[in-house]
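The values are calculated or read from the model by the stated rules, or taken from the named source; none is laboratory data. Note that the structure is a prediction, hence the values are computed from the model and not measured. Here Cβ is always computed from backbone atoms with ideal geometry, including for glycine, and neighbour counts include all displayed protein chains.
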Amino acid sequence: MRRLLGSMLLLVALSFLSGACAAAGPTPTPTSGVALATNQELRSNLAGEPDNIDPNRASFSHEITVVKQVFEGLLSFDDQLAVVPVVANEVPTVANGGISSDGLTYTFKLRSGVKWSDGKPVTAKDFEYSVKRMLKPETASDYASFYYDIKGALELNSAQATTDALLSALGVQAVDESTLRVTLASPRPAFLQIMALWSVYPVRQDIIEKFADKWTEPPNYVGNGPYVLKEWVHQDHITLEANPNYWGTKPKLQKIVLKMMADENAALAAYKNNEMELVAVPAGGEKAIFDDPVLNNQSLRYPDLVTFALQFNVKKPPFDNKAVRQALSKAIDREAFINQVRRGVGRPTTSWIPPGMPGFDANLGSGNRLNVAAAKDGLAKAGYSDLTKLPPITFQFTDTTGNRTIAQFVQAQFKQNLGIDIKLEPMESKAFQQLIKDNNINNMAFLGWGADYPDPDNWLPELFGTGAGNNHTNYSNPEFDKLAEQAKKELDNTKRLQLWDQAQKLVVDDAPVVFLFNRERFWLKKPNTAGLKTTGMDGFVPGDWFLEQGYITK
């Protein structure tokens, strides 16, 4: 989200319990008069092993859920998705001198007293190192292209190797211990939102250089957030414990345990057995929850800024043919999936930007709704009236209960409506993540995208721009690239949104992905789990922007 979503588990903000989020960053929900349990432990499920939890490299939602507990950046988002200061003393503006009048120079002043979990002070140099490391080509960050508006960033990230000259030319400088200056090559209206992302959280140069690839293992994983990584039992669970050196209000939740159970029905059984406080309802399992008066009363449902789709490798036959991609889009009954399989949870869609986001268009892509006759005609015009000439199609996805349900539905739709047989290839979570990051899908995979920040700027250029870090379809359209470059720099918001609208229409017509549905979160939460806040930009675990505000009642 804000992240790639490798699993089904995953602008409106709702809360478990309401509570204001101060302008200076997250503050805890008041608990006066509430009887707290002695054991302040929250247990949930990531549904798979994170590929990595390096802030500069993380891109999948369950990776980011962990990162956000252990690290904090200069800026973040409150529960209404507005940018707020965290390690920064205030949000830079032109009025307070933090943004230059030409919109090219941003100055961040760090608040005093912020420490790493080992007690050392957090400095502007830590942020400078992090941004430079994230942009180095050797780091291979999926999110590097988000920051190409920084002076010298494109040149550094696209180089064959890092050089001192490239690093010196980068517009990122620690002026002193508490001042970071960032210089842009051109204005970017969304830049403050981009600076609130985990990719530019501070990281420690001394620790990374000492432990190399092992720096993300405990106890080497030193952060500045409310929790520390106590334990990582690979393929089983991660344990987080409250950081005694945390600069902010100490979390009431003293321990968070995140399991890695790919079998979501087993995770649901663990919840019923009081072994978890938060768990996802597997796709296809909604009716059983609705019919259970106890569990239905524990359900947690809220709209999510997330779209799921089928993504193609547009360089491999038959998906190098736009007509084939468009035909398959017209062969899927999205309404049947939401209404029959998911019992009304979620929303069918034929476009990319979800409801609640600027740029959402309910009618966009309506011509790609279920139309079997048009789908067959499209295949014939593409040269595949004889289906035996169609190359084998493999559908790859993370092997979870919910994803299998979706994959089997898509498989049945293609067979029923077009007579096409596709092979399902479920994969272990970490292997699937690496496959996507390497742009190495056979020809079709399951894709989810959630908002990193609430703007169409986040939904289009970094997924569909030529060579963009999160473009895993190999899609390229020069007309789209031109529109995206114009929109990213346009300061007139009306014109900017019009440009993004044109860009999204191009993507819908080119169909590098088949848009399926907008997610609605459907989880279960124990009645004694309170104080957590959910938003439409949550990562894998609901409320993961503010888990430190949660608590367990008696």
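General remarks:
- Residue match in the range 401-423 (condition: under 30 Å from THR535 (Cα atoms), not β-branched (Val, Ile, Thr) and not in a helix (DSSP H, G or I)): no
- Residue in the range 474-482 that is under 24 Å from GLY103 (Cα atoms) and either part of a helix (DSSP H, G or I) or modelled with pLDDT under 95 (or both) present: yes
- Yes/no for VAL514 being β-branched (Val, Ile, Thr) and in a helix (DSSP H, G or I): no
- Helices (runs of 4 or more DSSP H) wholly inside the range 124-215 containing at least 2 residues that are closer than 19 Å to THR105 by Cβ: 124-135, 153-157, 164-169, 191-194
- Here ALA373 fulfils each of the conditions (1) more than 30 Å from GLN434 (Cβ to Cβ); (2) part of a loop (DSSP other than H, G, I, E, B) apart from (2).
- Among the candidates ASP457, ASP544, ASP501, residue that is assigned to a helix (DSSP H, G or I), buried (at least 23 other Cβ atoms within 10 Å of the Cβ) and charged (D, E, K, R): ASP457
- Looking at TRP247, TRP232, just one residue is out of contact with any helix residue (DSSP H, G or I) (no Cβ under 9 Å at 6 or more places or on another chain) and surrounded by 14 or more Cβ atoms within 10 Å (Cβ to Cβ), and that residue is TRP247.
- Within the span defined as the range 532-541, one or more residues are small (Gly, Ala, Ser) and either under 20 Å from PHE77 (Cα atoms) or modelled with pLDDT under 95 (or both).
- Note on the range 241-271: among residues that are in a loop (DSSP other than H, G, I, E, B) and charged (D, E, K, R), the one that is farthest from ALA47 (Cα to Cα) is LYS250.
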